[in-house]
Amino acid sequence: MLLLISPDGVEEALDCAKAAEHLDIVDVKKPDEGSLGANFPWVIREIREAVPADTPVSATVGDVPYKPGTVAQAALGAAVSGATYIKVGLYGCTTPEQGTEVMRAVVRAVKDHRTDALVVASGYADAHRVGCVNPLALPDIAARAGADAAMLDTAIKDGSRLFDHVPPDACAEFVRRAHARGLLAALAGSVRQADLGPLTRIGTDIVGVRGAVCAGGDRNAGRIQPHLIAAFRAEMDRQAREHAAAADVTAVS
Ligand SMILES: O=C[C@H](O)COP(=O)(O)O
């Protein structure tokens, strides 16, 4: 499982860089503009320069409206600015068709610029609270659009968590649907160390985190702490080892 960490700007990205050996993807967002709030192009560029060259930079394009042209142009902006993972939160899409239309436009805009960029279609575990597309529709939307990954996050950051809205069994179904379509499955939403066992067992490819690696577990008032990134990764590694050992036992019995 890859660890994606979301700093809110250059200063926190530098703290991520100090823990670069413990993380896999640095994800640029602007949390005060929403769960997947988009940051400025110059911030993406500065963060690209601040983190080690072999650490991929992701950028969120925003909690986007159902406006394929607008969103495609914004996604291209993120790619031109140096992000190689482009994440789109389909906040304003109420049907799978709308989500697919937006994501198709994004995929074309991004891949015309850079074929090796990865496009991530993100929905929301608490979609029922904001009126957007059902979370379990995301793998199909992503696949139909030619995206590379399907993701879930929470739209409202009020302390409720991924599993409060989409329990582990439903997340497992999300992962199954993504993998059946050849996609990466990414999960986020106030994920804590205690969630890493289930997330590992269901085969999550990418876990996205901010609050759990901020001081006091507070994604708004707390700042990202390199030692908390290291501790989070240590728990991920421990869970991966346990899962591998359990799989070995099953294989020989
Ligand atoms: O993409 C990951 C999100 O930023 C997760 O943030 P959170 O762990 O504070 O919910």
**Q.** Extreme residue, nearest to P226 (Cα to Cα), among residues of region 1-51 that are within 10 Å of the ligand (Cβ to nearest atom) and β-branched (V, I, T)
**A.** I5
**Q.** Options I86, I47: the member that is crowded, with 24+ Cβ neighbours inside 10 Å and under 29 Å from R129 (Cβ atoms)
**A.** I86
Q | Residue satisfying condition, being loosely packed, with under 15 Cβ neighbours inside 10 Å and either assigned to a helix (DSSP H, G or I) or not basic (K, R) (or both), within set V207, V191, V175, V249 | A | V249
(Q) As an exercise: evaluate D248 against (1) touching a residue at least 12 places away in the same chain (Cβ under 8 Å); (2) more than 16 Å from the ligand (Cβ to nearest atom); (3) acidic (D, E) and give the number of the one condition it does not meet. (A) (1)
**Q.** Conditions (1) buried (at least 23 other Cβ atoms within 10 Å of the Cβ); (2) among the small types (G, A, S); (3) closer than 27 Å to V10 by Cβ; number of the one not met by G77
**A.** (1)
Q: Filter region 176-197 down to residues that are without any contact (Cβ under 8 Å) to a residue 60 or more places away in the chain, touching a strand residue (DSSP E or B) at 6+ places or on another chain (Cβ under 7 Å) and hydrophobic (A, V, I, L, M, F, W, C) and give me whichever is nearest to the ligand (Cβ to nearest atom).
A: V191
(Q) Pairs please, first residue from region 22-38 and closer than 18 Å to P56 by Cβ, second anywhere and of a type in the set (D, E), Cβ atoms under 8 Å, 6+ apart in sequence or on different chains. (A) K29/D8; L36/D63; L36/D153
Q) Within region 155-167, is there a residue that is at negative phi, modelled with pLDDT of 95 or more and more than 14 Å from the ligand (Cβ to nearest atom)? A) yes
Q. Within region 139-152, is even one residue under 24 Å from P31 (Cβ atoms) and either out of contact with any strand residue (DSSP E or B) (no Cβ under 7 Å at 6 or more places or on another chain) or among the polar types (S, T, N, Q) (or both)?
A. no
Q) Does D27 qualify as being under 25 Å from L2 (Cα atoms) and buried (at least 17 other Cβ atoms within 10 Å of the Cβ)? A) yes
Q: Would you point out the residue of region 198-233, among those that are touching a residue at least 40 places away in the same chain (Cβ under 8 Å) and aliphatic (A, V, I, L, M), that is farthest from S6 (Cα to Cα)?
A: L199
Q: Go through region 1-18 and give me each residue that's among the hydrophobic types (A, V, I, L, M, F, W, C) and surrounded by 22 or more Cβ atoms within 10 Å (Cβ to Cβ).
A: L4, I5, A13, C16
Q: Of all residues in region 210-235, count the ones that are assigned to a helix (DSSP H, G or I) and either more than 16 Å from the ligand (Cβ to nearest atom) or within 19 Å of A17 (Cβ to Cβ) (or both).
A: 12
Q) What helices (runs of 4 or more DSSP H), lying completely within region 7-114, carry at least 3 residues that are under 23 Å from A185 (Cβ atoms)? A) 68-80, 96-113
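The values are calculated or read from the model by the stated rules, or taken from the named source; none is laboratory data. This one's a predicted model, so the numbers in the text were calculated from it and none came from an experiment. Quick reminder, even Gly has a Cβ in these numbers, built from the backbone with ideal geometry, and neighbours come from all protein chains shown.
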